[in-house]
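The values are calculated or read from the model by the stated rules, or taken from the named source; none is laboratory data. Quick caveat, the model's predicted, so the values are computed rather than measured. Cβ sites come from the backbone with ideal geometry, for glycine too, and all protein chains shown count toward neighbours. Side chains are part of the model used for accessible areas, which takes the heavy atoms of the whole protein and leaves out ligands, DNA and RNA. Shrake-Rupley method; radii C 1.70, N 1.55, O 1.52, S 1.80 Å.
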Amino acid sequence: MRTDSPALPVATPPPPPSRPARWREYLSREHPWREYPWPVVTSVALVAVVNVAVLANLPLPPFIGPAIGFWFILIQPVYLLHTTGLWGQARGAERLGYSLAGVIFGLMLAGLAADLVLPVVGLERPLDPRPVVLLADLITVGLYLLRRRYPGPRPDRRAIAAVKAAITPLAGRLLAGSGLTVVLAIMGANRLNNDAGDLVSLLALALGVLTVIFLLLWRHEVTETVIMVSLYLLSLALLLMTSLRGWYVTGHDIQTEYQVFQLTQANGRWEIANFHNAYNACLSITILPTELADILRVDGPYIYKVFFQLIFAVCPVLVYAIARRYWPVATAILACVYFISFPTFFTDMPFINRQEIGLLFVAVAVLTITNGSWDIIRRRLTLIAACVAVEMSHYSSMYIFLGILAIAWVIERVLALRKGRTSAAHAEPPPWISVPRVIGIGTVVAVGVVTIGWGFLATQSAGAVLTDAKAAVSGLLGHSAAARSGNVSYSILFGKTATPQEVLNDYTKAVLKIRAATSGDTSYLEQPGEVTRIKAVAQPALPLTSAGRLFADAGVPVAGLNTAIRLAAADAEQVFVAAGLIAFAVARRFRKKVGWEFLCLGIGAVLMLAVVTIVPDLSVDYGLLRVFQEALIMIAPVVVTGSMAIFRPLGVTWAPRVAAGVAVAILISTTGLLPQLLGGYQAQLNLNNSGQYYDSYYTHPQEVAGATWLAWQNGVLPANVEATHASTRFLFTAPGHVTGQQFIEDAFPPLLRQRAWVVIDYSILHTGLATAAYDGDIIPYRYPLLFLSQSSNLVYDNGGVEIYRKGLPKRGHQAAG
């Protein structure tokens, strides 16, 4: 009998999942972005916001818009490059330095490529906002694909947990102290701009000094990331205290830097032919700020005042990273302190933005040379790339660095030959002789070719180098007068330099020689003899404070004390350098610990400093103090080592303490904290509305109004304006007026012309003093206003600036607005 088996139940298929269920299933899959979806979504959203705002020319909220733009064009690309595998085992500040330099160099090269290629295909303004934002998009996508191809370390949950664990109470105090220093620095600069006093700025300096002290005391209790972030914030505070002075462009070189930036932005492209000047050959102040301005859309001066300072504040952190290759944390911190306490760092670097970018690349080049984890080919290629970036950013920094590299190579060869002979009897030579060197003859020649190619061939802006070389050789041979900056008086290689009156006499003689050579030229104003016999005057010092009067009553000469401390600080740093190099020469343990090439670089930097100091004209044309600031990238830890060697007789415990105390004392003095508390010393711009820098470089609203009025007059361009102090403050920088053909002459009395527009600025009207700049020195003198008013007509007066011109009818008071 046939029996059928029971029928098996047929499973009914489940209903198709709803859309939310499908979405949850999709989200549950493994995707590269799965671990951190919100950062990715947020990044895409912010990129879209920037693109829409720029392409549609839509406004973004103040402060928020520039912050998002800065993140889009710089911070995000740096993060993408930072998290690739290109940098090998590099970590921390070193990886950040490579990434930041790579992105900045990429922006300059990409802008240059667009500038050269896009006009060929019909886009005449390749540096306008829309092309630039699309260029930034391409860079972002390219870096993302590069990271996909060469993945590197990225933040994960363990890394985030480690960061949270590192924020201990002590770390929190250091970060809070350094962060508050930045806030106080910004508030202090704004208060001074509003004539509200120096109290907040003094608090910023005092808090910064205390933070440095606690960094040294707690260095073993916090992570190095906390130390480096604190050093970055402290460096940024010092820079902003100076850069934020004034509501307009404030400073010396920055005036011409701002003009070439405005020229590039006004034309929508960069062309060296528009203004054949060495400044215009620097992509760091032409293409780079134009790209930033197109995305950030802030007032032009704040590209330099804020965002360039945010970038350059990384340089001291790289100095710390370089020192940490061979020295303990305390030495590296003190090396950074010496770097930021050098007066040029916070008084001049915010006004020399092209050198800020150049020094950043120099620091990356030194990191590359000393990176023992990379193979020799990679190090050489990266060094050459860094040198290309230095050359395109700032010509003078490249000349100095090329000289350092050449001297370092010569030293290596000489010592290698000497050691090779002494070790010939041994079966095996010392290891450092056989190790391949980054600084070889091929590398030096390649860097030299880069310098010649860009400066002489591509931009034809390096002709001054040959002039400087001829003048230097002529001065050495005694065929011409040797011009040396007054700053060489700080060098232990020179004692006495020319007095201010002697410098002013030399300038007057040079001017009168020009007039005599053009005896048929009737364009000069006829002047009585006493007008040409100009006397130098001393810049007024700060009055004594209550604390200063207490010291004076106790018999302490406060003015002499401040001057003695400054001179002692300058001499001490030079002595410390010499002692450090001697310590390396004598003590084998130092030579074994420190990389041989780094030591040769340090010696090369010191010898290059000596060359600039001794050879005539170089200290004037390249700025001795600026050269020393560049050299400190390599020799700052040598300074610290030398100080510890000198104080070694005090014992193992007290030698480093005294060395640290000296470094902090120099910081207290040079930043102006001590002179401001006591008085009796020259006023510094970061703390006062007076002093030489304030009188010469601070731009007042009345001066801007006067320059604006002057821009609309007939017969002004190209070279019919004369002004005193930093005359470049009166360059026409409004995009509609920037032509690249404007020149302003010095209104030095013997140079006054019949038909010139003579601008008498705010400082002369309020102090009666003008300055003459000659051979790198700035000499105050009393301006003959009476003679000018008798020989020319006052045609403009707004209460803060007066403009004279002979032959025009006198005009009444002009409104400042």
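Numbers below:
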item	result
Members of region 734-762 that are open to solvent by 10 Å² or more (accessible area, probe 1.4 Å), in contact (Cβ under 8 Å) with a residue 40 or more places away in the chain and aromatic (F, W, Y)	Y762
Count of residues meeting criterion [in a helix (DSSP H, G or I) and buried (at least 22 other Cβ atoms within 10 Å of the Cβ)] in region 212-227	4
Matching option when the condition is of a type in the set (D, E), under 19 Å from T728 (Cβ atoms) and either at pLDDT 90 or above or open to solvent by 10 Å² or more (accessible area, probe 1.4 Å) (or both), among D797, D777	D777
Residue in region 711-718 that is at pLDDT below 90, open to solvent by less than 10 Å² (accessible area, probe 1.4 Å) and either among the aliphatic types (A, V, I, L, M) or in a loop (DSSP other than H, G, I, E, B) (or both) present	yes
Any chance L731 is open to solvent by less than 40 Å² (accessible area, probe 1.4 Å) and farther than 30 Å from N562 by Cβ	yes
Test set (1) under 18 Å from Q684 (Cα atoms); (2) open to solvent by 40 Å² or more (accessible area, probe 1.4 Å); (3) not charged (D, E, K, R) - G197 fails condition number	(2)
Helices (runs of 4 or more DSSP H) lying entirely in region 591-647 (those with 2 or more residues that are out of contact with any Ser or Thr (no Cβ under 7 Å at 6 or more places or on another chain) and at pLDDT below 85)	596-614, 618-621
Every residue from region 652-688 that is within 27 Å of T728 (Cα to Cα) and open to solvent by 50 Å² or more (accessible area, probe 1.4 Å)	Q682
Some residue of region 200-211 being β-branched (V, I, T), closer than 17 Å to L231 by Cα, part of a helix (DSSP H, G or I) and open to solvent by less than 60 Å² (accessible area, probe 1.4 Å)	yes
Selected residue [at pLDDT 95 or above, touching a Phe, Trp or Tyr at 6+ places or on another chain (Cβ under 6 Å) and part of a helix (DSSP H, G or I)] from T242, T140	T242
Residue in region 623-638 that is touching a residue at least 60 places away in the same chain (Cβ under 8 Å) and open to solvent by 40 Å² or more (accessible area, probe 1.4 Å) present	yes
Members of region 388-399 that are among the β-branched types (V, I, T) and open to solvent by 10 Å² or more (accessible area, probe 1.4 Å)	V388
Elements of type helices (runs of 4 or more DSSP H) contained in region 256-341, each with 1 or more residues being under 22 Å from S396 (Cβ atoms) and open to solvent by 10 Å² or more (accessible area, probe 1.4 Å)	314-324
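The rows are residues; the columns are (1) at pLDDT below 95; (2) surrounded by 14 or more Cβ atoms within 10 Å (Cβ to Cβ).
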{"position": "L135", "(1), (2)": "no, yes"}
{"position": "R158", "(1), (2)": "yes, no"}
{"position": "T168", "(1), (2)": "yes, yes"}
{"position": "L180", "(1), (2)": "no, yes"}
